[in-house]
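Read the structure below first, then the notes.
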Amino acid sequence: MTTATLSHTAALARLGHAFSDPTRAGILLALRAGDSFPADLADGLGVSRQVMSNHLACLRSCGLVESVPDGRRSRYRLTDPHLAPALDELLRVVLIVEPGCCDGEGCTC
């Protein structure tokens with residue numbers, strides 16, 4: 001087992017911030033399959049290009065995604081090759097939620 005350092009804790013906090021928004025979580029999950037253009041991500045997640053731009057800026061500052069020039073456009077990809085398999089593993093996690101805690105849009109869990 002790897003000993004957790006302050007750097008590990010900070011990295012997990014950034015990941016937690018990224019997952020605190022469904023659009024950012026969707027971006028990370030979409031990028032597991034490979035690089036993507038912001039317009040394609042926006043279309044796939046059903047958000048405007050401006051909203052996508054804001055979320056990508058947040059994920060860049062968290063150190064989770066990076067922009068790669070591609071002609072006059074930019075593609076986005078996950079910054080660390082370990083992140084895609086880690087996201088795959090997180091999708092396998094089963095959470096036990098208290099009955100009635102998350103019963104709709106007013107979820108406070």
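The values are calculated or read from the model by the stated rules, or taken from the named source; none is laboratory data. All figures in this text were calculated on a predicted structure; none of them were measured in a lab. Quick reminder, even Gly has a Cβ in these numbers, built from the backbone with ideal geometry, and neighbours come from all protein chains shown. Accessible surface is based on the protein model in full, side chains and every heavy atom, while ligands, DNA and RNA are left aside. Shrake-Rupley method; radii C 1.70, N 1.55, O 1.52, S 1.80 Å.
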Query raised in the report: Counting only protein chains, not ligands or nucleic acids, how are 47, 94, 65 ordered by accessible area (probe 1.4 Å), most first?
Result: 94, 47, 65
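Could you provide, to the nearest whole Å², the per residue accessible area of the chain with probe 1.4 Å?
On the way: 7510 Å² over 109 residues.
I get 69 Å² per residue for the chain.
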Requested in this report: Please work out how much accessible surface residue 9 shows to a 1.4 Å probe, ignoring ligands, DNA and RNA, in Å² rounded to 10.
Outcome: 80 Å²
Query raised in the report: Where the accessible area of the chain is counted over protein heavy atoms with a 1.4 Å probe, how much of it, in %, is carbon and sulfur?
Result: 56 percent
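If packing is taken as the average count of other Cβ atoms within 10 Å, what order do 22-28, 84-90, 67-73 fall into, highest mean first? Can you show the working numbers first?
On the way: 22-28: 18.9, 84-90: 12.9, 67-73: 9.3.
Descending mean neighbour count gives 22-28, 84-90, 67-73.
Which value in deg cm²/dmol, rounded to the nearest 500, describes the helix-derived mean residue ellipticity at 222 nm for the chain, given -39,500 (n - 2.57) per DSSP H run of n ≥ 4 and division by the residue count?
On the way: 5 runs with 52 residues, N = 109.
Computed mean residue ellipticity for the chain: -14000 deg cm²/dmol.
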Query raised in the report: Around residue 37, which amide H atoms from residues at least 5 apart in sequence, or from another chain, sit under 5 Å from its own amide H, with H modelled in the peptide plane?
Result: 76
Query raised in the report: For the range 74-93 and the range 1-61, what is the separation of their C-alpha centers, rounded to whole Å?
Result: 9 Å
